[in-house]
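These notes are about the structure you will find just below.
The values are calculated or read from the model by the stated rules, or taken from the named source; none is laboratory data. Please read all numbers here as calculations on a predicted model, not as lab measurements. Note that we place each Cβ from the backbone using ideal geometry, even for glycine, and neighbour counts take in every protein chain shown.
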Number of protein chains: 2
Amino acid sequence: MKTLEQRLTWCASFVEEALERQLSANILLMESPMTQAMRYAVLRGGKRIRAFLTIEFCCMFGGIPEDAADYACAMEMVHGYSLVHDDLPCMDNDDMRRGRPSCHKKFGETVALLAGDALLTQAFYCIGNHGTKESYNANSLAVQALSRCAGALGMCAGQQMDLAKDIQDYDALKMLHRLKTSALMEAACLLGYYAAKGIPNPDTEKKLEIYAQNVGLAFQIVDDLLDVNSTAEELGKPVGSDVKNGKCTVLKFLSQEEAFEEARRLSQESSALFAGYENSDSICQLPMYLLNRKK
Amino acid sequence: MKTLEQRLTWCASFVEEALERQLSANILLMESPMTQAMRYAVLRGGKRIRAFLTIEFCCMFGGIPEDAADYACAMEMVHGYSLVHDDLPCMDNDDMRRGRPSCHKKFGETVALLAGDALLTQAFYCIGNHGTKESYNANSLAVQALSRCAGALGMCAGQQMDLAKDIQDYDALKMLHRLKTSALMEAACLLGYYAAKGIPNPDTEKKLEIYAQNVGLAFQIVDDLLDVNSTAEELGKPVGSDVKNGKCTVLKFLSQEEAFEEARRLSQESSALFAGYENSDSICQLPMYLLNRKK
């Protein structure tokens, strides 16, 4: 029986290999600065939480990791594209990402913009080309979920809301995080379910949505807390950058104690949602793990 | 019996209405500068050649325009996103598009970037949510075709090639146009076929690919000729901008006469491809119509 940390490590390595294949010269048409930037933006990156959600929910619902590999790659590509575009000078203008130069610092703005576009498109390529004809139902559902959660009804709407810098109360901030962060996690959870089952189920989909909403909001609250309490070394980026950038954080509306208590409550609720399911250990443990993370 | 021009006019109005619905407040989550920019970039725009290809091929293969409406919207959204991102300062830095300010001149760079991202995502939403469960086969094929043709294996690779400004001969220029222009037209043709039939057919798909390749290349050759022979009033944008921007055009490798002859040959070949099919009038006439266009 693996611990959660062992599962996370295994899963990160599993999805890394899958991403290497999906972004290899065999798949992409030709080598170019764009394809290099695509790999730079996605490979060796991050905690792979979205891929983990896709793979673990697939396993919880009766599939195996291999069933979810393509969808997990799609999730990481969309996440990677969103970071590349968010870091651009006309957006957040961030020079560093995960302890190294952001994509446009490394490859220039033009190539970074293009690589982001190509990654977003390639995510749908991963889904569309998953499996055989028997997977078409699951693939169609996955395209529906990802396009809804990543675009003008989800993550892009969240980014627009963030840019408007007009968050007046905690409810508005929750809506922002729901769109900008939870929506993509929701897609990750749904894709895991579709990879295993291939059919819609409103009750399950609703539960997955609530799980993702809570985990996403708690994740952002912890992010806000880490930004004031951590060190640059631990975070891999400068601390206090939220305040410096005039970003609205949860600490505008709640004390640190209240914020952590809120994150703890959300994480516990998520943990309880799938407690009765077989093979749900990772899914039940993940929220508390993310709550107590140091970076 | 409608003439080609009447079909084009009818089709443009048909897809305009479909796009209005797909980008209405009912579909999008909330009104924002981003959603305004999405509509600005796509509505009342262009010749709708891609939508026309989707709708006409759907009709030629036994469908009706309504079968192809969602896919046609997807094509115009991807085309619209590509123009918005191409016009950005870090790309071609174009202030005008279709006789009015380009998207970032009107809404700012940040919103334009985001609106492009959201349009690309929304295109897959249009496909994914097309029809009922019976459409899942067609939708999966459509996602495969569009993601292949629009991303790192198609249009984005073409944009990268264009930016590299390293076109040494006519073969390289043809490859550039094949990727940057024909690929999306190929998706448009394939989507029309899938909307009608919902199943793959390698022979037909190959013919559609050749049709699109020829039409796309001829289209770009005519574009290059118009850029030196037309007026700003006719074009809706400054003439001679290709030369001014140091863009490699066909006139670097061919004389005007040779270039027009090449475009004529490609157009005639395309026209002949589907000559034996029922209801193929529009498809057979379109290439020569595009060849002789004045803008």
| Quick one: what pairs do we get from the stretch A:21-49, first residue in contact (Cβ under 8 Å) with a residue 40 or more places away in the chain, second loosely packed, with under 14 Cβ neighbours inside 10 Å and in a helix (DSSP H, G or I), C-beta under 9 Å, 6+ apart or different chains? | A:PRO33/B:ALA164
| said: Tell me yes or no: at least one residue of the stretch A:279-290 is outside any helix (DSSP H, G or I), modelled with pLDDT of 95 or more and of a type in the set (Phe, Trp, Tyr). | reply: no
| said: Restricting to the stretch A:59-72, name every residue that is part of a helix (DSSP H, G or I), of a type in the set (A, V, I, L, M, F, W, C), within 17 Å of A:SER13 (Cα to Cα) and more than 11 Å from the chain's Cα centre (by Cα). | reply: A:CYS59, A:ALA68, A:ALA69
| Of all residues in the stretch B:103-137 being free of Cβ contacts under 8 Å to residues at least 24 places away in the same chain and polar (S, T, N, Q), the one that is nearest to A:LEU146 (Cα to Cα) | B:THR121
| remark: Exception for B:ILE64 within (1) under 24 Å from B:PRO200 (Cβ atoms); (2) away from every other protein chain (no Cβ under 14 Å); (3) in contact (Cβ under 8 Å) with a residue 24 or more places away in the chain falls at (3)
| request: Can you tell me which residue within the stretch B:128-146, out of those that are within 7 Å of another protein chain (Cβ to nearest Cβ) and in a helix (DSSP H, G or I), is surrounded by the most Cβ atoms within 10 Å (Cβ to Cβ)? | output: B:ASN139
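Residue by residue, here is whether (1) closer than 26 Å to B:ILE127 by Cα; (2) surrounded by 13 or more Cβ atoms within 10 Å (Cβ to Cβ) holds:
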position	(1), (2)
B:CYS189	yes, yes
B:TYR193	yes, yes
B:PRO202	yes, no
B:GLU209	yes, yes
B:ASP224	no, yes
B:GLU233	no, no
B:CYS248	no, yes
B:LYS252	no, yes
B:GLU262	no, yes
| request: For B:ALA112, state whether it is in contact with a His (Cβ under 9 Å, 6 or more places away or on another chain), assigned to a helix (DSSP H, G or I), more than 7 Å from every other protein chain (Cβ to nearest Cβ) and surrounded by 22 or more Cβ atoms within 10 Å (Cβ to Cβ). | output: yes
| said: With free of Cβ contacts under 8 Å to residues at least 40 places away in the same chain and more than 7 Å from every other protein chain (Cβ to nearest Cβ) as the only criterion, which of B:GLN160, B:GLN168 stands out? | reply: B:GLN168
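The rows are residues; the columns are (1) more than 22 Å from the chain's Cα centre (by Cα); (2) within 19 Å of B:GLY46 (Cα to Cα); (3) not small (Gly, Ala, Ser).
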residue	(1), (2), (3)
B:PHE219	no, yes, yes
B:CYS248	no, no, yes
B:GLU262	no, no, yes
B:ALA275	yes, no, no
| query | In the stretch A:7-54, how many are assigned to a helix (DSSP H, G or I), more than 11 Å from chain B (Cβ to nearest Cβ) and within 28 Å of A:GLN220 (Cβ to Cβ)? | reply | 21
| When you go through (1) without any contact (Cβ under 8 Å) to a residue 40 or more places away in the chain; (2) buried (at least 24 other Cβ atoms within 10 Å of the Cβ) one by one for B:MET77, which number turns out not to apply? | (1)
| Which residues, counting only those in the stretch B:188-222, are among the hydroxyl-bearing types (Ser, Thr, Tyr) and in contact with an Asp or Glu (Cβ under 9 Å, 6 or more places away or on another chain)? | B:TYR193, B:TYR211
| message | Residue under question is A:ALA118, and the condition is that it be more than 8 Å from chain B (Cβ to nearest Cβ) and assigned to a helix (DSSP H, G or I); does it hold? | response | no
| Residues that are among the small types (Gly, Ala, Ser) and closer than 30 Å to B:ARG148 by Cβ, drawn from the stretch B:200-240 | B:ALA212, B:GLY216, B:ALA218
| request: Give the residue that is surrounded by the fewest Cβ atoms within 10 Å (Cβ to Cβ), with candidates limited to residues of the stretch A:80-103 that are of a type in the set (Gly, Ala, Ser) and over 18 Å from A:ALA123 (Cβ atoms). | output: A:GLY99
| note | A:SER82 vs (1) within 11 Å of chain B (Cβ to nearest Cβ); (2) over 19 Å from the mean Cα position of the chain (by Cα); (3) in a helix (DSSP H, G or I): all pass except (2)
| message | Residues that are outside any loop (DSSP other than H, G, I, E, B), at pLDDT 95 or above and farther than 24 Å from A:MET155 by Cβ: does the stretch A:233-251 have at least one? | response | no
| remark: The lone condition B:LEU153 fails out of (1) crowded, with 20+ Cβ neighbours inside 10 Å; (2) part of a helix (DSSP H, G or I); (3) free of Cβ contacts under 8 Å to residues at least 40 places away in the same chain is (2)
| Of the residues that make up the stretch A:172-191, is at least one in contact (Cβ under 8 Å) with a residue 24 or more places away in the chain, in a helix (DSSP H, G or I) and within 9 Å of another protein chain (Cβ to nearest Cβ)? | yes
| query | Restricting attention to the stretch B:255-274, does a residue exist that is at pLDDT 95 or above and assigned to a loop (DSSP other than H, G, I, E, B)? | reply | yes
